[in-house]
Amino acid sequence: VKGAPDRMVKLCKYQAKGGVAGDENLEDINENYWIEQIAILSSHGLRVLGLCRTTIDKDSVKAGDQLGPEFVNGRPEGKWLTMVGLCAIMDPPRPECVQAIKEARGAGVRVAMITGDHKDTATAIGHMLGIVDEKYSEAVTGPELDAMSDEEIRKCVMTHNVFARASPQNKIRIVKALQAEGQVSSMTGDGVNDAPALKAANMGVAMGKEGTDVAREASEMILADDNFATIVYAVKQGRVVWDNLRKVLLVNTPINNSQGLSVLFGLLVKLPQTPISAIQILYSNFICAVTLGFVCAIEPAEDGIMELPPRRVGKRLIGRFLFLRIVLGTILLTGCVVGSAVIVEYGGRYDDWAVEEREKMMRGVAFNVLDFGAISVMLS
């Protein structure tokens, strides 16, 4: 029998001398010794398994029986196993995962670990990952969470980053407690039991390689490479998309506004013809608005984008500052276009030109002012 060592010790009545099987090598178990060894191994970040054995009557099982946990737990004889030894497995975090967590913390994203490992193992791995520090210095176990009220869990999730020996029910309570504290929470998972927590989270993330179909269906995002660093990269790209979308609005909106307003104000100042013609407006949209907007849309990330705090929930795409910049750009661009047309028409320099020639010059100047003004807005 193998399983969590701290639980297996409680089911053991004997221990094998030197790990050798046989009734002549049995002695009463020294629970304190095994618990101490489990703690030592776990404190080094090792995943520990307890290896036990016992002898049962042949009549108690049948060929083909699947002996699960229910066969081992809750037997009338109580303690009935023999502890043979411990198996310690090193499963170190990926180097890119450590760097990704560091980058996430710089971006204001808090990373917590929910695991079924022993408390000491989880704490040691948390130190390796950098999620256990002076502020979040301890781990909490699933049984401890079960004993807490909803109010106590809400306080607990804000002061702890590591949750050990956690059950699927614990995951759901952790997610709901974080949401109750106003946190936007994302949950990763790969098993069927993780599906409720993935569904309850604001962003459920399932594993693409090792994850089950149920977990994928319950999630909003699937990791194709099962790598945590990909989540942080997705956060960065999400910020890039948000910034570039705002840049596109800042460029295209003043250009489009000024195209229409230039015609309107050209008529208000009683120009004989509109400053720009319909075909010029169409050409400007094809050449300027689309091209300059595309340049803004594919712009790479700004320096320090992952050092900024997360946006607040419900933040509008066009805030007051961006709205004022759009209004200012519209006013300046429209004023320059109409002003250039007025100068050509009434400046006196072209009075001796024919009306048609003066009209062509006015629209040519206004069109160039519009296009180069659009480029200036984009560069700003």
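I need the Kirkwood Rh of the stretch 172-325: take the reciprocal of the average 1/r across all distinct C-alpha pairs and report it in angstrom.
19.3 Å
Tally Lys/Arg at +1 and Asp/Glu at -1 over every other residue whose Cβ is under 14 Å from the Cβ of Val175; what's the total? Write down the numbers at each step before the final one.
Numbers: positive: Arg110, Arg154, Lys171, Arg173, Lys176, Lys199; negative: Asp150, Glu181, Asp194, Glu220.
Net local charge, Val175 excluded: +2.
Taking the chain as a Gaussian network, Cα atoms linked when under 10 Å apart, which of Pro275, Pro168, Pro69 shows the biggest mean-square fluctuation?
Looking only at Pro275, Pro168, Pro69, the biggest GNM fluctuation is shown by Pro69.
May I ask you to give the solvent-accessible area per residue for the stretch 212-323, in square angstrom, as obtained with a 1.4 angstrom probe?
60 Å²
Can you work out the FRET efficiency for the pair Glu134 and Arg316, with r the C-beta to C-beta distance and R0 = 35 Å, to the nearest 0.05? Let's see the in-between values first.
On the way: r = 37 Å, r/R0 = 1.06.
Computed FRET efficiency for Glu134 and Arg316 comes out at 0.40.
Can you put Val377, Val192 in order of accessible area, largest first, using a 1.4 Å probe?
Final ranking, largest accessible area leading: Val192, Val377.
Please tell me the relative contact order of the chain in percent, rounded to the nearest whole number, where contacts are Cα pairs under 8 Å and at least six residues apart.
Relative contact order for the chain comes out at 12 percent.
So what does Asp146 come to for accessible area, using a 1.4 Å probe and Å² rounded to 10?
For Asp146, solvent-accessible area is about 100 Å².
Largest first, please: the extent of the C-alpha atoms of the stretch 229-306 along each principal axis, to the nearest Å.
If we take the Cα atoms of the stretch 229-306, the spans are 62, 20, 16 Å.
Give me the one-decimal Kirkwood hydrodynamic radius in Å for the chain, with the sum taken over alpha-carbon pairs.
In the chain this quantity evaluates to 26.7 Å.
Among rounded, prolate and oblate, which fits the stretch 283-337 when a ≥ b ≥ c are the square roots of the eigenvalues of its C-alpha gyration tensor, a/c under 1.5 means rounded, and a/b larger than b/c means prolate?
oblate
If you count only protein heavy atoms with a 1.4 Å probe, what accessible area per residue comes out for the stretch 22-93, rounded to a whole Å²?
68 Å²
Heavy atoms only, probe 1.4 Å: what % of the accessible area of the stretch 273-328 goes to carbon and sulfur, would you let me know?
67 percent
Run the reach check for Lys199 against lysines, Cα to Cα strictly under 22 Å, same-chain hits fewer than 8 apart removed. What comes back?
Lys171, Lys176, Lys209
Roughly how many percent of the accessible protein surface of the stretch 171-222 is carbon and sulfur, given a 1.4 Å probe and a whole-percent answer?
Details: 1310 of 2660 Å².
Roughly 49 percent of what the probe reaches on the stretch 171-222 is carbon or sulfur.
Work from the charge dipole of the chain (Cβ charges, +1 for Lys and Arg, -1 for Asp and Glu, about the Cα centre) and give the residue of Val98, Gly335, Leu145 farthest towards its positive end.
Gly335
How charged is the neighbourhood of Gly78? Take every other residue with its Cβ under 10 Å from the Cβ of Gly78, and add Lys/Arg as +1 and Asp/Glu as -1.
Taking every Cβ under 10 Å from that of Gly78, the sum is +3.
What does the charge count around Arg154 come to, taking other residues whose C-beta lies under 13 Å from its C-beta (Lys +1, Arg +1, Asp -1, Glu -1)?
Counting the neighbours of Arg154, the net charge comes to -1.
What fraction of the DSSP beta bridges in the chain is antiparallel, stated in percent and rounded to the nearest 5? Present the calculation step by step, with values, prior to reporting the outcome.
Details: 13 of 28 bridges.
If we restrict to bridges inside the chain, about 45 percent are antiparallel.
Hey, which aspartates and glutamates would be in cross-link range of Lys102, C-alpha to C-alpha under 18 Å, not counting anything within fewer than 8 residues on its own chain?
Partners found: Asp133, Glu134, Asp303, Glu307.
Hey, what number do you get for the chain at 222 nm if only DSSP H runs of n ≥ 4 count, each worth -39500 (n - 2.57), divided across all residues, to the nearest 500?
-15500 deg cm²/dmol
Please report the accessible area of Phe321 (heavy atoms, 1.4 Å probe, ligands and nucleic acids excluded) in Å², nearest 10.
Only protein atoms counted, so the area is about 140 Å².
Mind listing which trypsin sites (Lys or Arg not before Pro) in the stretch 31-91 are in a DSSP loop and have 11 or fewer other Cβ atoms within 10 Å?
Passing both the DSSP loop test and the Cβ count: Lys62.
Give me the dipole magnitude in Debye, nearest 20, for the chain about the Cα centre, with unit charges on the beta carbon: positive for Lys and Arg, negative for Asp and Glu.
With Lys and Arg at +1 and Asp and Glu at -1, about 980 debye.
Please work out the Cα center distance from the stretch 1-47 to the stretch 67-126, rounded to the nearest Å.
18 Å
The values are calculated or read from the model by the stated rules, or taken from the named source; none is laboratory data. Just so we're clear, the structure is a prediction, and the values are computed from it rather than from any experiment. Backbone-built Cβ (ideal geometry, glycine too); neighbour counts: all protein chains shown. These accessible areas exclude ligands, DNA and RNA; they are computed on the full protein's heavy atoms, side chains included. Shrake-Rupley method; radii C 1.70, N 1.55, O 1.52, S 1.80 Å.
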